[in-house]
Amino acid sequence: MSFKQQSEQTIEQAYDLLKNRMKNAHERFEPEAKFPQLVAVSKTLPVEKITPLLDLGHRIFGENRVQEATGKWPELLEKYPGVELHLIGPLQTNKVREALKIFDVVQSLDREKLARALSLEVAKTGKQIKCFVQVNLAGEEQKSGIAPGNLLDFIKTCRKKYTLDIVGLMCIPPQGEAAGPYFAQLKILGKEAGVNNLSMGMSADYEAAIEMGATHIRVGTALFGKR
Ligand SMILES: *Cc1c(COP(=O)(O)O)cnc(C)c1O
């Protein structure tokens, strides 16, 4: 696959290539639509690997573990103002407090218990957080996420009962299957739910995702090389 060669590329080359491909995919979709946001997935990477991308001016990053993020990001946040951190992995309710201290966006809201915990912490601290609801499109047992059939009710509950700021939907399509139909389904669900943002597409399929209306792509390997 095309991103394999990235280990020999500099981060600057990989970043330029990625932005170019994003641009082309966006033009094939709708040039008038808002340009998709690149969430650079820096999970498992040490600070020294992340710094070069920050030096290039990138400011949107994704991490999948609260503990890892709270370990390495405070020093970076101090040095690089304006960073927006997205949590893209499962969040345990006992980590909500820590998560809210460092993350601006939770992309993995996947159950009512978590919605309640987030809501309590928001009320306590006054720090609002943007949430994407994770949707389990293929009903995979090992994956978290709300079933498509329960999505509208879940979003209503999050908004009315827990006054959470639900801004979008997120999905991780099944491995080894064509992602296109799942991206299309997420787009329809987003329309039905009345949310504006769709987080879909990773290193292997971000162009397809953008062509289908992704507003956020989450890319690690194609930027930083193999983890
Ligand atoms: C790791 C991860 C990504 C990035 O995957 P790559 O294939 O390295 O681009 C995207 N989304 C989630 C939820 C992840 O855990």
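Readers should treat all values here as calculations from the given coordinates under stated rules, not as data from a laboratory. Keep in mind that this is a model prediction, so the values were computed, not measured. As a convention, Cβ positions derive from the backbone with ideal geometry for all residues, glycine included, and neighbour counts pool all protein chains shown.
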Original post:
According to a simple spin-label model (label point 7 Å from Cα along Cα-to-Cβ), what is the distance in nm between residue 104 and residue 78?
Top reply: 2.0
Subject >> Between region 163-193 and region 31-85, the alpha-carbon center distance in angstrom >> reply: 23
**OP:** When a/c is below 1.5 the answer is rounded, else prolate if a/b is larger than b/c, else oblate, so apply that to region 84-141 with a ≥ b ≥ c taken from the square roots of the Cα gyration tensor eigenvalues.
**Re:** prolate
Original post:
Contour minus end-to-end for residue 95 and residue 192, with contour as 0.36 nm per residue of separation and end-to-end as the Cα-Cα distance?
Top reply: 31.8 nm
**OP:** Would you list which aspartates and glutamates come within 19 Å of residue 161, measuring only between C-alpha atoms, while excluding same-chain residues fewer than 8 positions from it?
**Re:** 110, 112, 121, 153
**OP:** Output the relative contact order of the chain, whole-number percent, from Cα pairs under 8 angstrom with separation of 6+ residues.
**Re:** 24
Original post:
residue 123 to residue 13: FRET efficiency via 1/(1 + (r/R0)^6), r the Cβ-Cβ distance, R0 41 Å, to the nearest 0.05?
Top reply: 0.35
**OP:** Mind scanning 49/113; 101/160; 101/156 and naming the pairs with a C-alpha gap bigger than 32 Å?
**Re:** 49/113
Subject >> Rg to Rh, two decimals, where the chain supplies the alpha carbon set and Rh follows Kirkwood >> reply: 0.95
Original post:
List the chymotrypsin sites (Phe, Trp or Tyr not before Pro) in region 108-175 that DSSP assigns to loop (not H, G, I, E or B) and whose Cβ has at most 12 other Cβ atoms within 10 Å. Which are they?
Top reply: none
**OP:** Using a Förster distance of 30 angstrom, determine the FRET efficiency expected from the C-beta separation of residue 226 and residue 33, and round it to 0.05.
**Re:** 0.40
Original post:
Hey, how many Å between the Cα centroid of region 125-150 and the Cα centroid of region 95-124?
Top reply: 12
